[in-house]
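Structure record follows, encoded as structure tokens.
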Amino acid sequence: MWQEKIETMPREELEALQSERLRNQVKRMYERVPLFKERMDEKGLSPDDIRGIEDLHKLPFSYKQDLRDYYPYGLFAEPLENIARVHASSGTTGKKIVVGYTQKDLDDWADCVARMMYAIGLDNRDFIQVSYGYGLFTGGLGAHGGAERIGATVIPTSSGNTANQLQTMADFGSTCLCCTPSYALYLGEAAEEAGLTDSLKLKAGIFGAEPWSEDMRREIEKKLRIKAYDIYGLSEIMGPGVSYECEYQAGMHVCEDMFIPEIIDPDTLEVLPEGEKGELVFTTITKEGFPLIRYRTRDICSLNYEKCKCGRTHVRMNKPQGRTDDMLIIRGVNVFPSQIEEVLLKVGGDITPNYQIIVDRVNNTDTFDINVEMSEELFSDDIKTIEKTERTIKEKLREVLGISAGVHLVNPKSITRSEGKAKRVIDKRKI
Ligand code: DLL
């Protein structure tokens, strides 16, 4: 094991460590993060009221909206000169959310990913191809850090350019692939088509950033002739490696010495008993740059404290089974319907605000289409003007979302009106 002492720590010891770290984190944040102090004061809580993890439930929640309200650096708990790197992710209105890492945070992150890589049998003899996007998205640099930490040879291809990815994979002898599961499947198919499957040396894949099913796992394993492992994370907490599957592929071990998970009922906000399904909440107890207390992830899943066959004592979370908000994950990219609405409103004039987003999975790749109603004026205009408007919307959407969508202008009043909440999203994918 990469950090055997921590990964197999008896639960009592682990919980004592968590309690100590939680106490320190609460004190530190109370002094350094005004919003946290304000929320503690509102509840009449002082840091001394938090004696250990038994008091976790008393602490105030934090939300994605907080990151938007305090954009970009308002929630950092370290002076900016101590921030070594920032990452970001999309917010509902196109405004990014920003998180900062000190060098120690980056080291801890690399350790989390290294724990997983080591758990699935990788070491310094491996060639790890990182085909997650590099940049503000945490996937690329997150996987990269872990691969370097175990001393493997990193092949930082980033995402896209499929033919080149495959040629690199074959020529450089990549033994592990890191990317979104949907891209892995696409690569598997493209490898078959290019007749390259036999020349690949891949043995494992580390896939996450979007929900994927057991069927999809089997499909990827068959196509790429590998074992496919799940990795979970989110920008706000750390990026990939918050939790990961071990060699038994039976739930993802949360790096509990750094992150304390809870499952709550999203309506009553009560903490739910072990095994029950609800919203996942995280408290970061070692992060320096951008710590969060009781962050509501909006991911729905459950926790399993049973001891794993691998010997690790850290709790396992089941595959997230959806979200409590309207965020869609399309080809690994987070998309909020409100971002689309904003673009459509900006285009204005020729189109009406009636639209429908249709997401499906065809040949194992997400499809993403948007039907938008034309105004009566545009409808009576010539086809060239209609096509030009479609192109404008498509380009603007790509700029804002980072992925392209099929845009179809449809006849006025052809999208069914709803009597209640408009059904804007039709997600036909079966996860
Ligand atoms: O997706 C971080 C990441 C990169 C994880 C690479 C794994 C691999 P965000 O872009 O902030 O961060 O999106 C976070 O993606 O709240 C989940 O809804 C979803 N998600 C991430 N991993 C998984 C997974 C990265 N393994 C959001 N299974 C999270 C299901 C996942 N959903």
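What the table shows:
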| quantity | calculated |
| --- | --- |
| Residues (within 11 Å of the ligand (Cβ to nearest atom) and among the hydrophobic types (A, V, I, L, M, F, W, C)) located in region 182-215 | ILE206, PHE207, ALA209, TRP212 |
| Enumeration of residues in region 280-303 that are in a loop (DSSP other than H, G, I, E, B) and closer than 13 Å to SER62 by Cβ | LYS287, PHE290, PRO291, LEU292, ILE293, ARG294 |
| Residue in region 76-96 that is surrounded by fewer than 21 Cβ atoms within 10 Å (Cβ to Cβ), within 15 Å of the ligand (Cβ to nearest atom) and part of a helix (DSSP H, G or I) present | no |
| Residue tally, condition in a helix (DSSP H, G or I), free of Cβ contacts under 8 Å to residues at least 40 places away in the same chain and either open to solvent by 70 Å² or more (accessible area, probe 1.4 Å) or farther than 26 Å from LEU14 by Cβ (or both), over region 35-53 | 6 |
| Residues of region 304-325 satisfying the condition of being in a strand (DSSP E or B), within 18 Å of the chain's Cα centre (by Cα) and either more than 10 Å from the ligand (Cβ to nearest atom) or surrounded by fewer than 20 Cβ atoms within 10 Å (Cβ to Cβ) (or both) | ARG316, ARG323 |
| Pairs with Cβ under 6 Å, 6+ apart, first in region 210-229 and within 17 Å of GLU247 (Cα to Cα) and of a type in the set (A, V, I, L, M), second away from the ligand (no atom under 11 Å from the Cβ) and assigned to a loop (DSSP other than H, G, I, E, B) | ILE226/LEU202; ILE226/LYS203 |
| Near pairs, Cβ below 8 angstrom, 6+ apart or cross-chain, from region 173-201 (without any contact (Cβ under 8 Å) to a residue 40 or more places away in the chain) to any residue that is open to solvent by 10 Å² or more (accessible area, probe 1.4 Å) and of a type in the set (Asp, Glu) | GLY188/GLU219 |
| Residue in region 241-259 that is open to solvent by 10 Å² or more (accessible area, probe 1.4 Å), at pLDDT 95 or above, touching a strand residue (DSSP E or B) at 6+ places or on another chain (Cβ under 8 Å) and within 25 Å of VAL359 (Cβ to Cβ) present | no |
| Options MET238, MET216, MET169: the member that is under 24 Å from the mean Cα position of the chain (by Cα), among the aliphatic types (A, V, I, L, M) and either over 22 Å from LEU106 (Cβ atoms) or open to solvent by 20 Å² or more (accessible area, probe 1.4 Å) (or both) | MET216 |
| Residue check for GLU262: more than 16 Å from VAL113 (Cβ to Cβ), open to solvent by 10 Å² or more (accessible area, probe 1.4 Å), in contact with a helix residue (DSSP H, G or I) (Cβ under 9 Å, 6 or more places away or on another chain) and at pLDDT 95 or above | yes |
| Candidates VAL400, VAL372, VAL425, filtered to the one that is free of Cβ contacts under 8 Å to residues at least 60 places away in the same chain, under 28 Å from SER89 (Cβ atoms), in contact with a helix residue (DSSP H, G or I) (Cβ under 8 Å, 6 or more places away or on another chain) and surrounded by 14 or more Cβ atoms within 10 Å (Cβ to Cβ) | VAL372 |
| Test: ILE293 is away from the ligand (no atom under 11 Å from the Cβ), modelled with pLDDT under 95 and open to solvent by less than 40 Å² (accessible area, probe 1.4 Å) | no |
| Looking only at region 135-158, and only at residues there that are part of a loop (DSSP other than H, G, I, E, B) and under 24 Å from MET252 (Cα atoms), the one that is most open to solvent (accessible area, probe 1.4 Å) | PHE137 |
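The values are calculated or read from the model by the stated rules, or taken from the named source; none is laboratory data. Predicted, not measured: the structure shown is a model, and the values here were computed from it. Cβ: placed from backbone, ideal geometry, glycine included. Neighbour counts: every protein chain shown. Accessible surface areas use protein heavy atoms only, side chains included; no ligands, DNA or RNA. Shrake-Rupley method; radii C 1.70, N 1.55, O 1.52, S 1.80 Å.
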